[in-house]
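Inspection log for the structure reproduced underneath, given as structure tokens.
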Amino acid sequence: DGAESAILANCHFDSVANSPGASDDAVSCAVMLEVLRVMSASPEPMQHAVVFLFNGAEENVLQASHGFITQHPWASLIRAFINLEAAGVGGKELVFQTGPENPWLVQAYVSAAKHPFASVVAQEVFQSGIIPSDTDFRIYRDFGNIPGIDLAFIENGYIYHTKYDTADRILIDSIQRAGDNILAVLKHLATSDTLASSSEYRHGSMVFFDVLGLLVIAYPSRVGSIINYMVVMAVVLYLGKKLLRPKHRNANYMRDFLCGLGITFISWFTSLVTVLIIAVFISLIGQSLSWYNYFYIAVCLYGTATVAKIIFIHTLAKRFYYMNASDLYLGELFFDTSLFVHCAFLVALTYQGFCSAFMSAVWVVFPLLTKLCVYKDFKKHDYLHLPCEQHKENHSDSNTGVRGHLPPCLQWSLFPI
């Protein structure tokens, strides 16, 4: 009825030559057809139009979407779009791409979708160009300058673009879940006051991530930067207070701390080399990617090798360098080392403007809070006290933590403040 703004729902019906294309992208066509049927039969009034676009030639350099956004008369009405894609067969449909500068659209998805599932990490990985793939999203963003959301099924990626991408492999639950989400988001946008003037709400990017698939947390990236730097300041205060305490104000602790940093990076590097050697060996025996459809095999094959190598390097370090250090002292030392490393990553990622820096913040915040809470609990029960006088003479090097067996009263005094 003469609507001046529209929301676009987009999918493609073509597939690669060797695939039936059930997930990429016939299931999205089915979902959109059902959403179209429900919305057309709904008595609820809509403030804006909804355009359902079923296009071809997506697999052939995205020609149809380009033709629509550059030539179709309805293209000028589009204020936002939702693109349904696939990078696997079934499972949850992941919001793996948003933009440009559309925090209002992310918030609309978070508040309207019945089963939200999103990750800004996936967005930054995909938009970095590491993954050799593309979707209609780029056409609408670059040629139409329209904000949008890119969703894709990601489970069972080994079937994607193969002859095994058949309809019987797609679970009904996945189709129902996608339909619930798309219908709810389209209804929300079609009745939104924001859509018509969406250009006024384009200010920066968003940090968004789901929590165990239960809910999605989203906030502006500028708020994320403030949070990240507050976390960095907390780490600086924590480590600074420890290093300036009389018992740590010596060359031994600093030397052990720097050696701990070196050991950490050596263990990571050797783990990477070990994984690469295993990958080359698997390829040489003709089993390349044989683990791809069995996630737990990949974890056992590469994850076990990584953990074993890290443990091996740290065991060597304890045996030949920290041979006289107590376990409590080493625990404190490597906790501080790990905290420092993740804090450095947090600073670097935040400075570069990566929204996925929140992951480093999580790796810093929760261990630090846990440590402080545990300390507070010990202090509440009066487990922390100064070394007993009768044990002082038996401990020749209490400043470094640690050489030899310590009585309980002396060990508790080493717990960090």
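Would you please give the FRET efficiency between residue 236 and residue 318, computed as 1/(1 + (r/R0)^6) with r the Cβ-Cβ distance and R0 = 30 Å, to the nearest 0.05?
Computed FRET efficiency for residue 236 and residue 318: 0.60.
Can you compute the modelled spin-label distance between residue 44 and residue 167, with each label point 7 Å from Cα toward Cβ, in nm?
It works out to 2.9 nm between the two label points.
For residue 287 and residue 52 in one chain, what is 0.36 nm times their gap in residues minus the Cα-Cα distance, to one decimal in nm? Kindly include the intermediate steps, with their values, before the conclusion.
Values: separation 235, 0.36 × 235 = 84.60 nm, distance 4.37 nm.
Full extension of this stretch gives 80.2 nm more.
Apply the a/c threshold of 1.5 to the C-alpha gyration tensor of the stretch 6-213 and tell me whether it is rounded, prolate or oblate. Mind dumping the intermediate values first?
Details: a/c = 1.31, a/b = 1.29, b/c = 1.02.
It is rounded, given that a/c, with a ≥ b ≥ c, falls under 1.5.
Using only the heavy atoms of the protein chains and a 1.4 Å probe, how would 229, 294, 253, 351 rank by accessible area, largest first? Please list the in-between numbers first.
On the way: 229 100, 294 125, 253 5, 351 170 Å².
These residues rank, largest area first, as 351, 294, 229, 253.
Given labels modelled 7 Å from the Cα in the Cβ direction, how far is it in nm from residue 345 to residue 145?
3.8 nm
Report for the stretch 69-199 the percent antiparallel among DSSP-assigned beta bridges with both residues inside it, nearest 5. Intermediate values should be presented prior to the final figure.
Working: 6 of 13 bridges.
The answer is about 45 percent antiparallel.
Any chance you could run the full-extension gain for residue 223 through residue 125? It's 0.36 nm times the residue separation minus the Cα-Cα distance, nm to one decimal. Present the calculation step by step, with values, prior to reporting the outcome.
Values: separation 98, 0.36 × 98 = 35.28 nm, distance 2.14 nm.
Separation in residues times 0.36 nm, less the Cα-Cα distance, equals 33.1 nm.
Under the classification rounded if a/c is under 1.5, otherwise prolate if a/b is larger than b/c and oblate if not, where does the stretch 224-378 fall, given a ≥ b ≥ c as square roots of the Cα gyration tensor eigenvalues?
Numbers: a/c = 2.39, a/b = 1.44, b/c = 1.65.
It comes out oblate by the Cα gyration axes.
Of the labelled options [x] 152; [y] 143; [z] 174, which one gives volume of the Cα convex hull per residue in Å³ as computed for this structure?
Only one listed value fits the structure, namely [z].
With a 1.4 Å probe and all protein chains in place, put 101, 85 in order of accessible area, largest first. Don't jump to the answer; show the numbers that get you there.
Working: 101 95, 85 10 Å².
I get 101, 85, largest accessible area first.
For residue 176 and residue 269, what is the calculated FRET efficiency with R₀ set at 60 Å and r taken between the beta-carbons, to the nearest 0.05? Don't skip to the answer; put the middle values down first.
On the way: r = 46 Å, r/R0 = 0.77.
The formula returns an efficiency of 0.80 here.
Students often check this: by mean Cβ neighbours within 10 Å, which of 24-30, 35-41, 206-212 ranks highest, and how do the rest follow? If you can, show how the numbers build up before the last one.
Working: 24-30: 23.0, 35-41: 13.7, 206-212: 17.7.
Result, highest mean Cβ count within 10 Å first: 24-30, 206-212, 35-41.
Which entries in 241/371; 241/318; 92/187; 309/371 show an alpha-carbon gap greater than 18 Å? Please report the intermediate quantities before stating the final value.
Details: 241/371 14 Å; 241/318 26 Å; 92/187 20 Å; 309/371 26 Å.
From the list (241/371; 241/318; 92/187; 309/371), the Cα-Cα distance tops 18 Å for 241/318; 92/187; 309/371.
Indicate the helices, whole DSSP H runs only, in the chain that combine a mean Kyte-Doolittle hydropathy of 0.0 or more with a Cα extent along their long axis of 18 angstrom or more. Provide the component values of the computation, followed by the final result.
Details: long enough: 27-41 (21 Å, 1.65); 172-190 (27 Å, 0.41); 221-243 (32 Å, 1.14); 251-284 (49 Å, 1.60); 304-320 (24 Å, 0.88); 327-351 (36 Å, 1.18); 358-380 (32 Å, 0.80).
Going by DSSP H runs, the hits are 27-41, 172-190, 221-243, 251-284, 304-320, 327-351, 358-380.
Fully extended, how many nm does the chain gain between residue 197 and residue 211 (0.36 nm per residue separation, minus their Cα-Cα distance)? Provide the component values of the computation, followed by the final result.
Values: separation 14, 0.36 × 14 = 5.04 nm, distance 3.11 nm.
Extending this stretch completely gives an extra 1.9 nm.
Please report the antiparallel percentage of the DSSP beta bridges confined to the chain, to the nearest 5.
Numbers: 13 of 32 bridges.
Given both bridge residues lie in the chain, the antiparallel proportion sits at roughly 40 percent.
Taking 7 Å along the Cα-to-C-beta vector as the label spot, tell me the residue 74-residue 373 distance in nanometres, rounded to one decimal.
Distance between label points: 5.2 nm.
The values are calculated or read from the model by the stated rules, or taken from the named source; none is laboratory data. Treat the numbers as computed from the prediction; the structure is a model and nothing was measured. With ideal geometry, Cβ positions are generated from the backbone for all residues, glycine too; neighbour counts draw on all protein chains shown. Note: accessible area is taken over every heavy atom of the protein model, side chains too, but ligands, DNA and RNA are not part of it. Shrake-Rupley method; radii C 1.70, N 1.55, O 1.52, S 1.80 Å.
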